[in-house]
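**Student:** Structure in structure tokens, see below.
Just so it is clear, none of the values below were taken in a lab; they were calculated from the coordinates. All of these numbers come straight from a predicted model, not from anything done at the bench. Neighbour counts are summed over all protein chains in view; Cβ atoms, including those assigned to glycine, are modelled from backbone coordinates with ideal geometry.
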Amino acid sequence: MVTKPFNSFEMAQAQFDRVAGILDLDQPTRDLLRFPLREYHFTIPIRMDDGTARVFRGFRVQHNDARGPCKGGVRFHPQETADTVRALAMWMTWKCAVVDIPLGGGKGGVVCDPHNLSLREQEQICRGWVRQIAQDVGPMRDIPAPDIMTSGQHMVWMLDEFETIRGGRYPGFITGKPVTLGGSLGRAEATGFGVVITVREALKELGLRAADTTASVQGFGNVAQNAVKLYQQIGGTVVCVSCWDQADQTSYAFRKKDGVNLGALLGITDRFGGIDIQKARDLGYEVLPGEAWLEQEVDILMPNAIEHQITADNVGKISPRVRLIAEGANGPTTPEADAAIRERGVFLIPDFLANAGGVTCSYFEQVQSNANYYWEKDEVLGKLDLKMTSAYIAVSELARKRKLLMRDAAYVIGVSRVAQACRDRRWV
Ligand code: GLU
């Protein structure tokens with residue numbers, strides 16, 4: 001039997017349709033919000049280090065900007081598709097709305113694998129991406145940021161190209177910049193910390209003390225590393241993390257039942273979040289097949305890697321002990337798996353609420369960059385905690401009041417704010 005490949009955009013649209021039904025949205029609003037406002041598809045020709053020419057495919061999707069300029073990262077991924085970027089752009093719209101920051105949703109991508117590209121080649125791709133889109137993005141229109149396999153260094157190359165084309169300094173054009181070049185303190189930690197702030201609030205609701213809980217984390221990139229850091233700081237024990245192994249083209253899980261040591265693991269991790277298997281074994285970690293992260297007997301699961309990870313095929317392997325799932329990644333749970341999780345009564349913090357800390361801090365970065373006045377780290381993290389906690393409480397109160405799942409409640413808040421902005425502008 002040929003199974004249809006999983007399509008994130010269809011999933012995002014189905015999630016939207018469900019909430020459009022709950023909100024009884026009119027047809028024009030549905031037609032407007034089911035699709036991006038604008039999208040750009042382009043090619044990026046570059047010169048490789050060996051002198052040959054190669055052409056990469058790039059995208060920018062601007063889903064909605066009724067509440068403010070579009071905002072969202074640029075991913076470098078070999079399996080990137082227009083539909084993945086469309087879905088991620090739509091989720092950014094709801095994400096900015098649910099934390100109530102004055103920004104819309106966008107996302108970008110390049111089909112490439114930075115594992116196989118030199119830094120110079122990656123720089124050419126960043127600059128080429130900006131050259132193709134420079135007239136349609138900017139601090140008042142659409143503000144890119146890092147995402148999967150892009151970092152502060154990539155943001156600097158993009159900023160430099162944009163400023164060269166536009167002639168001037170526009171530090172508010174992009175976020176996730178290094179702190180030495182207009183970035184915000186706390187931005188690197190923000191997404192992972194935000195995930196754990198929502199976990200902390202959910203644990204209160206479930207009547208659990210963080211110190212009595214254990215967690216298993218999928219991924220070991222920026223989001224996962226910082227989620228582990230804050231979760232350990234609030235007293236939790238992480239028994240398992242996982243990562244993609246580029247050499248073997250598969251993923252592995254790294255388990256230590258009495259708790260992983262973050263510092264030691266970071267010492268044997270590459271810049272893509274890949275953990276050295278042999279060195280991990282030497283440090284006493286059990287190295288298991290990647291999917292083992294999902295099968296651990298823990299209280300909390302944090303899928304902090306990429307979309308489409310908890311599926312109909314593996315959802316049954318989740319231990320009956322699991323009480324809470326916090327989606328640090330965008331779209332990690334397929335609708336079938338979501339239904340199974342719902343039936344089992346596991347409390348789930350949906351992606352665009354759980355991982356909104358990154359864009360919230362990006363908003364703070366933009367405010368600081370535009371004002372050219374930078375805050376202390378404690379101030380940034382304090383404001384982040386306030387925004388994430390208020391968003392969490394608003395969603396959980398609505399969920400209780402209207403007897404909704406957390407995902408639906410987050411959607412109701414996010415989508416109704418965006419729909420209202422569209423009505424206020426008389427778009428619909
Ligand atoms: N890429 C992150 C996300 O998916 C952050 C986006 C941003 O900071 O604009 O939320």
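**Student:** In terms of Cα to Cα distance under 20 Å, which lysines are near enough to residue 383, apart from those fewer than 8 places away along the same chain?
**Tutor:** Within the straight-line limit of under 20 Å, residue 383 reaches these lysines: 71, 95, 177, 229.
**Student:** Starting from the 7 Å offset along Cα-to-Cβ, what nm value, one decimal, do you get for the label separation of residue 233 and residue 423?
**Tutor:** Output for this residue pair reads 4.1 nm.
**Student:** Which whole-number percent gives the relative contact order of the chain, counting Cα pairs below 8 Å spaced six or more residues apart?
**Tutor:** Result for the chain is 17 percent.
**Student:** Choose one of 214, 345, 265: the residue whose Cα lies farthest towards the positive end of the charge dipole of the chain (beta-carbon charges +1 Lys, Arg; -1 Asp, Glu; about the Cα centre).
**Tutor:** Farthest towards the positive pole: 345.
**Student:** Toward the positive end of the charge dipole of the chain, about the Cα centre and with charges on Cβ (Lys, Arg +1; Asp, Glu -1), which of 362, 51, 324 goes farthest?
**Tutor:** 362
**Student:** Please list, short to long, the whole-number percent of alpha-carbon pairs of region 191-321 in consecutive 10 angstrom bins beginning at zero.
**Tutor:** P(r) for region 191-321, in whole percents per bin: 13, 48, 33, 6, 0.
**Student:** Enter the per residue convex hull volume of region 342-428, computed from alpha-carbon coordinates, in Å³ rounded to the nearest integer.
**Tutor:** Per-residue hull volume (Cα only) is 120 Å³.
**Student:** Convex hull over the Cα atoms of region 7-51, averaged projected area in nm²?
**Tutor:** If you wrap the Cα atoms of region 7-51 in a convex hull and average its projections, you get 4.9 nm².
**Student:** Restricting things to Cα coordinates, could you compute the convex hull volume per residue of region 196-241 in Å³?
**Tutor:** Convex hull volume per residue, Cα atoms: 58 Å³.
**Student:** Pick from 304, 226, 372: which residue has the top mean-square fluctuation in a GNM of the chain where Cα pairs under 10 Å get a spring?
**Tutor:** With Cα springs under 10 Å in the chain, the top fluctuation among 304, 226, 372 is at 372.
**Student:** On to the next question. Bin width 10 Å, alpha-carbon pairs only: give the P(r) of region 261-308 as whole percents, running from 0 to the bin holding the largest distance.
**Tutor:** The calculated distribution, bin by bin, is 20, 51, 28, 0.
**Student:** Report, please, the projected area of region 1-119 averaged over directions, based on the convex hull of its C-alpha atoms, in nm².
**Tutor:** Across all orientations, region 1-119 yields a mean hull projection of 10.2 nm².
**Student:** Here's another thing I want to ask about it. Among 149, 155, which comes first, then next, by fewest other beta-carbon atoms within 10 Å?
**Tutor:** The order, fewest Cβ neighbours first, is 149, 155.
**Student:** So, with +1 on the Cβ of K and R and -1 on the Cβ of D and E, and no other charges, what is the size of the charge dipole of the chain about its Cα centre, to the nearest 20 debye?
**Tutor:** Dipole magnitude for the chain comes out near 940 debye.
**Student:** A further question follows. Over the alpha carbons of region 295-367, what is the largest minus smallest coordinate on each principal axis, giving the biggest first in Å?
**Tutor:** Sorted from largest, the Cα extents of region 295-367 read 44, 21, 18 Å.
**Student:** Let me ask something else about it. Averaged across orientations, what area in nm² does the convex hull of the alpha carbons in the chain project?
**Tutor:** Mean projected area of the Cα convex hull: 20.9 nm².
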